1. Just the residues that are within 15 Å of THR49 (Cα to Cα) and of a type in the set (Ser, Thr, Tyr), please, taken from region 6-30.
2. I'd like to check something: does region 17-32 contain any residue that is touching a His at 6+ places or on another chain (Cβ under 9 Å) and either hydroxyl-bearing (Ser, Thr, Tyr) or modelled with pLDDT of 80 or more (or both)?
3. With at pLDDT 90 or above and of a type in the set (Val, Ile, Thr) as the only criterion, which of THR83, THR6 stands out?
4. Checking the conditions here, which among GLU5, GLU25 is on the phi < 0 side of the Ramachandran plot and in a loop (DSSP other than H, G, I, E, B)?
5. Taking interchain pairs and intrachain pairs at least six residues apart, which have beta carbon atoms under 9 angstrom, with the first residue in region 55-70 and under 20 Å from GLY3 (Cα atoms) and the second among the hydroxyl-bearing types (Ser, Thr, Tyr)?
6. Answer with yes or no whether SER52 is modelled with pLDDT of 90 or more, of a type in the set (Ser, Thr, Tyr), touching an Asp or Glu at 6+ places or on another chain (Cβ under 9 Å) and under 18 Å from ALA4 (Cβ atoms).
Amino acid sequence: MDGAETPIFVGRVAAAVIADPLHQEMTGRVHWSSELGIGYQITDENGETPTSARERFKEAPRANPYSDEPLQFAPRLAHGGETKED
């Protein structure tokens with residue numbers, strides 16, 4: 001996906017967080033790796049900063065937790081894109 005983080009980027013962010021002497025202050029909250037990367041001035045393997053996942057998914061459909069309709073599950077895909085039976 002264009003603008004998404006690679007595993008290398010996420011690893012660089014994780015290493016930066018671990019090396020940060022104030023990393024304990026980050027506990028108990030959710031953090032986006034793309035936004036942490038901006039804060040730590042980390043780039044991906046192509047030299048770019050990935051788009052924030054918060055920004056990428058801001059228009060994504062969201063489930064209504066108070067809906068009376070039953071939850072519909074999407075089929076799971078196995079290796080090769082084939083539908084996986086549980």
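The values are calculated or read from the model by the stated rules, or taken from the named source; none is laboratory data. Only a predicted model underlies this, so the values are computations on that prediction, with no experimental measurement involved. Note that we place each Cβ from the backbone using ideal geometry, even for glycine, and neighbour counts take in every protein chain shown.
1. THR6
2. Looking through region 17-32, at least one residue is touching a His at 6+ places or on another chain (Cβ under 9 Å) and either hydroxyl-bearing (Ser, Thr, Tyr) or modelled with pLDDT of 80 or more (or both).
3. One residue alone meets the criteria, THR6.
4. One residue alone meets the criteria, GLU5.
5. Between residues of region 55-70 that are under 20 Å from GLY3 (Cα atoms) and residues that are among the hydroxyl-bearing types (Ser, Thr, Tyr), the close pairs are GLU55/SER34; ARG56/SER34.
6. Here the answer is no, as SER52 does not meet what is asked.
For every residue, the table says whether it meets (1) at pLDDT 90 or above; (2) part of a helix (DSSP H, G or I); (3) surrounded by 12 or more Cβ atoms within 10 Å (Cβ to Cβ).
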{"position": "ASP44", "(1), (2), (3)": "yes, no, yes"}
{"position": "GLY47", "(1), (2), (3)": "yes, no, no"}
{"position": "PRO61", "(1), (2), (3)": "no, no, no"}
{"position": "PRO70", "(1), (2), (3)": "no, no, no"}
